[in-house]
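The values are calculated or read from the model by the stated rules, or taken from the named source; none is laboratory data. Note that this is a predicted model, so its numbers are computed, not measured. Cβ sites come from the backbone with ideal geometry, for glycine too, and all protein chains shown count toward neighbours.
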């Protein structure tokens, strides 16, 4: 794992830790303290590890870290924190999937419902993303839950 990736993952942990402290304790001061401590660790992550210290995050650890970040991301109500977490995930190679306007593909999308198509040409395309999906360096982590346009007047949810 490269230095930039390691730094991005540590920064994600810092942000996730701060958000969890804030949500659990309701204390912005506690969250700021957790964030400051973790960001100090992130700064150290860019330096070579001293002899005898822990190895970089392995693939299983990376997966667990990303899963924790997505758990926090799904529960954020602050747009600024969500944007920062999205940026950190993107820096680590995790992309958000929001396929509005694409053809619905059950292999890549989960149908959450349908809505009438305002134009017959839109039949079978994604109208709205209800829950975004995520991919880690091209590997699907979670399919997006979407509403699909359908011709006719029936709407299913």
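Remarks
- Exactly one residue out of 121, 127 is more than 30 Å from residue 62 (Cβ to Cβ) and in a helix (DSSP H, G or I): that is 121.
- Residues of segment 115-148 satisfying the condition of being under 14 Å from residue 67 (Cα atoms) and without any contact (Cβ under 8 Å) to a residue 12 or more places away in the chain: 139
- Counted residues, segment 85-110 - those being over 20 Å from residue 138 (Cβ atoms) and crowded, with 16+ Cβ neighbours inside 10 Å: 2
- Scanning segment 44-70 for residues being in a loop (DSSP other than H, G, I, E, B), at pLDDT 55 or above and surrounded by 11 or more Cβ atoms within 10 Å (Cβ to Cβ) gives a total of 2.
- Candidate set from segment 71-84 (those that are in contact with a helix residue (DSSP H, G or I) (Cβ under 8 Å, 6 or more places away or on another chain) and part of a helix (DSSP H, G or I)); member that is surrounded by the fewest Cβ atoms within 10 Å (Cβ to Cβ): 75
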